[in-house]
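The values are calculated or read from the model by the stated rules, or taken from the named source; none is laboratory data. What you see is a predicted model; the values in this text were computed from it and never measured. So basically every Cβ, Gly included, is an ideal-geometry build from the backbone, and we count neighbours across all protein chains shown. Each accessible area value is taken on the protein alone, full model and side chains, heavy atoms only, with ligands, DNA and RNA left out. Shrake-Rupley method; radii C 1.70, N 1.55, O 1.52, S 1.80 Å.
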Amino acid sequence: MTDIWDAIIIGGGAAGFYGAITCANALPRRARVLIVERARRVLQKVKISGGGRCNVTHDCFDPKRMATHYPRGNKALIGPLHRFGVRETVRWFTARGVELKTEADGRMFPTTDDSQTVIDCLQDAADRAGVELWTSAGVEAITPIDEGFELALRDGRTVRTRTVLLATGGTRSTSGASLARSLGHELIPPVPSLFTFHIDDPRIEGLQGLSVDHVEVEVVGEPLANDGPLLVTHWGMSGPAILKLSAWGARELHALDYTFDLQVNWLPGVDCEQRFHKLRADWGKRQVGSRSPFDQLPKRLWERLVDAAEIDPERRWAELSKKKSRALGRHLTRAEFSVTGKSTNKDEFVTCGGVPTDEVDMRTMESRITPGVYFAGELLDIDGVTGGFNFQNAWTTGHLAGQAMAEAAG
């Protein structure tokens with residue numbers, strides 16, 4: 001006998017769990033809601049996000065302003081964020097004992113600084129709502145039938161449901177993409193977003209862990225620029241300035257095969273020529289390489305840039321020629337680095353691409369092509385910059401999908 005469910009959610013990530021919880025809570029207790037997850041474990045992206053702390057959302061309560069942080073899907077997401085946005089997300093987690101704190105850059109984390117807090121909350125909420133969970137249970141096919149769908153699982157079982165939610169994550173996962181295509185959707189090809197830059201350059205070699213609070217970065221020859229903190233890593237450059245640039249330029253950088261020149265301004269807003277003139281007068285007897293004259297620039301990086309400008313670190317400021325000053329100024333405000341690839345932070349990555357938002361009713365997350373099918377999370381062509389935006393997309397679209405599924409199934 002075929003197992004029959006009121007709603008089946010494919011994908012045990014943030015969007016899938018939130019959609020299942022919302023749906024189950026809106027249905028009568030006798031209703032049956034199931035999460036089917038291909039892997040052995042659920043919520044793994046929640047586990048590793050934010051360095052293991054889970055960046056739940058962002059302190060931006062205005063839907064229009066919040067939507068500007070999504071390189072793809074920003075206009076489509078304004079309406080959904082009005083219906084279920086940051087305020088509602090914070091209220092939901094707080095009501096379930098997960099207090100959130102806001103950091104200086106707007107990112108919001110659980111006060112425990114432990115992603116397990118969020119995982120425990122979601123799993124407990126799903127248990128209380130009566131959601132069932134099958135792991136190691138991939139879905140091979142979805143077939144529309146009278147009053148719903150039949151799902152074929154890779155272990156040979158078949159199940160039926162009135163509604164189905166696809167929340168399989170970014171379309172790097174061929175399973176979610178193929179299921180969406182089988183239901184009539186034309187997917188936008190996926191490319192990586194939120195990645196770091198691979199750079200081999202003596203100016204930053206061995207400086208991993210060094211950070212500069214505010215820099216400006218741009219891709220030479222492309223209309224791509226951003227600013228923010230920058231982190232030097234053992235493979236090159238990362239940090240919000242780089243990650244945001246990679247998100248907004250995801251398709252352009254993919255077309256360049258991740259090989260391009262990056263210009264870095266280590267000192268935004270600083271007039272180096274004017275500052276050097278003052279240093280010659282005030283620090284005339286001091287050696288140029290003895291210390292960084294800019295508070296925002298770490299001494300180790302300053303020493304590398306002085307060396308790159310071919311300045312003897314023991315040369316005194318009063319003896320620094322205009323030619324050497326100009327060379328140093330270039331390395332401080334227009335330093336060019338050759339990027340020769342991208343890197344991801346272990347398994348913490350995002351893709352752009354997926355189901356086009358114009359093929360989805362963004363009020364309900366229901367497919368405009370195959371009624372009864374819903375989408376949530378990264379499988380949609382919506383992706384945000386770093387800072388909690390991608391999780392907010394998961395909560396928002398998961399909630400709206402779950403709510404609409406309950407109304408359809410009820």
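Of the cross-linked pairs Lys278/Lys323; Lys285/Lys324; Lys244/Lys278; Lys47/Lys299; Lys45/Lys101, which ones have a Cα-Cα span greater than 25 Å in the structure shown?
From the list (Lys278/Lys323; Lys285/Lys324; Lys244/Lys278; Lys47/Lys299; Lys45/Lys101), the Cα-Cα distance tops 25 Å for Lys244/Lys278; Lys47/Lys299.
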Accessible area of the stretch 151-242 belonging to carbon and sulfur atoms, whole % at 1.4 Å probe
50
Using only Cα atoms, find the angle between the long axis of helix 389-409 and the longest principal axis of the chain, and express it within 0 to 90 degrees, rounded to the nearest 10.
10
Looking at the chain only, what percent of DSSP beta bridges run antiparallel? Nearest 5 please.
75
Per residue, how much accessible area does the chain show when a 1.4 Å probe rolls over the protein heavy atoms, in square angstrom?
45
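Would the stretch 82-203 count as rounded, prolate or oblate if I go by the C-alpha gyration tensor, calling it rounded below 1.5 in a/c and otherwise prolate when a/b exceeds b/c, oblate otherwise?
Taking the square roots of the gyration eigenvalues as a ≥ b ≥ c, the stretch 82-203 is oblate.
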Please give the helix 74-83 orientation as an angle from the longest Cα principal axis of the chain, in degrees from 0 to 90, rounded to the nearest 10.
60
Given springs between every Cα pair under 10 Å in a Gaussian network model of the chain, which of Val46, Val288, Val355 has the largest fluctuation?
Val288
Which of the three applies to the stretch 245-380, rounded, prolate or oblate, going by the alpha-carbon gyration tensor with a ≥ b ≥ c and a/c under 1.5 meaning rounded?
prolate
If one compares the long axis through the Cα atoms of helix 299-308 with the longest principal axis of the Cα atoms of the chain, the angle in degrees, nearest 10, works out at 60
Just to be sure I understand: if I project the alpha-carbon convex hull of the stretch 12-81 onto a plane and average over all orientations, what area do I get in nm²?
6.7
Counting other C-beta atoms within 10 Å, and keeping those with at most 16, which DSSP coil GluC sites (Glu not before Pro) do you find in the stretch 80-139?
Glu99, Glu103
Ellipsoid semi-axes in whole angstrom, largest first, where each is sqrt(5λ) of the Cα gyration tensor of the chain:
50, 20, 17
Mind checking which of Ala241, His254, Leu279 is farthest towards the positive end of the stretch 234-290's charge dipole, using Cβ charges of +1 (Lys, Arg) and -1 (Asp, Glu) about the Cα centre?
Leu279
With the dipole of the chain worked out from charges on the C-beta (+1 for Lys and Arg, -1 for Asp and Glu) around the Cα centre, which of Gly353, Gly228, Ile48 lies farthest toward the positive end?
Gly228
Starting at the first residue of the stretch 25-42, write each ³J(HN,Hα) from the Karplus equation 6.51 cos²θ - 1.76 cosθ + 1.60 with θ = phi - 60°, in whole Hz, x for Gly and Pro.
5, 8, 9, x, 4, 6, 5, 10, 10, 10, 9, 10, 10, 5, 7, 7, 10, 10
Only four residue types carry charge here, +1 at the Cβ of Lys and Arg and -1 at the Cβ of Asp and Glu. Report the dipole size of the chain about the Cα centre in Debye, rounded to the nearest 20.
860
Between the stretch 267-334 and the stretch 194-226, what is the C-alpha centre distance in whole Å?
20
Distance between Cα centroids, the stretch 50-116 to the stretch 150-170: provide it in whole Å.
29
Student exercise, the stretch 80-188 dipole from Lys, Arg, Asp, Glu Cβ charges, in Debye to nearest 20
240
State to the nearest 20 debye the size of the charge dipole of the stretch 234-316 about its Cα centre, where the only charges are +1 on K and R beta carbons and -1 on D and E beta carbons.
440
Packing-wise, with mean Cβ within 10 Å as the measure, how do 386-396, 226-236 rank, highest first?
386-396, 226-236
